[in-house]
Amino acid sequence: MAVCNMCGKNDSLFRTEIEGSIIKVCRSCSSYGKILAEVRPPPKIQKKMVQMRNEPEVVQLIVQDFADKIKKKRESLGIKQEDFAKRINEKLSLVHNIETGHTNPSIALARKIGRFLKISLIEEYEEEQGQKVKENSQVMTIGDIIKSKLK
């Protein structure tokens, strides 16, 4: 048994076309439209708190001073910005914006730049996971919306 989207009644549901919309309604509400199919009720989910394992999650972040590191290393190698952009197959404007700190590179781009310049631009952090709660959310029906508007 599930909740009718029109009246909120707990009953067997039917996929029904009512005025151009396909919704799940009970037998009595299905008389307002054309029944397309019977809906099997989803498995019931009870409210319960589940303790997840507190395994640390490894998160990769780009270092804070990425712009200075990239620019200093590129200049120490004697490579112009234009040549550097061509060698890593990126636009000059993107390289310029990264070196000035206006744009943060993606993890993939930071890896590519790091490999080319032989520097490390990515740091890994471990985050502890807390408790997670699994709850059954209350379903709002069309009937509930109408009732709240009438109040």
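The values are calculated or read from the model by the stated rules, or taken from the named source; none is laboratory data. Note that this is a predicted model, so its numbers are computed, not measured. So basically every Cβ, Gly included, is an ideal-geometry build from the backbone, and we count neighbours across all protein chains shown.
Some points to look at:
- Condition met for ASN104 (under 30 Å from VAL58 (Cβ atoms), in contact with a Ser or Thr (Cβ under 6 Å, 6 or more places away or on another chain) and polar (S, T, N, Q)): no
- Flag for GLU38 being under 22 Å from GLY143 (Cα atoms) and either at pLDDT below 90 or in a loop (DSSP other than H, G, I, E, B) (or both): yes
So that you can scan it fast, the table gives a plain yes or no per residue for (1) at pLDDT 90 or above; (2) touching a Leu at 6+ places or on another chain (Cβ under 8 Å):
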position	(1), (2)
LYS9	no, no
PRO42	no, no
ILE45	no, no
LEU61	no, no
ALA67	yes, no
LYS73	yes, yes
LYS80	yes, no
ASN89	yes, no
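- Leading residue by the ranking (nearest to LEU121 (Cα to Cα)) among those in segment 82-110 that are hydroxyl-bearing (Ser, Thr, Tyr) and assigned to a helix (DSSP H, G or I): THR100
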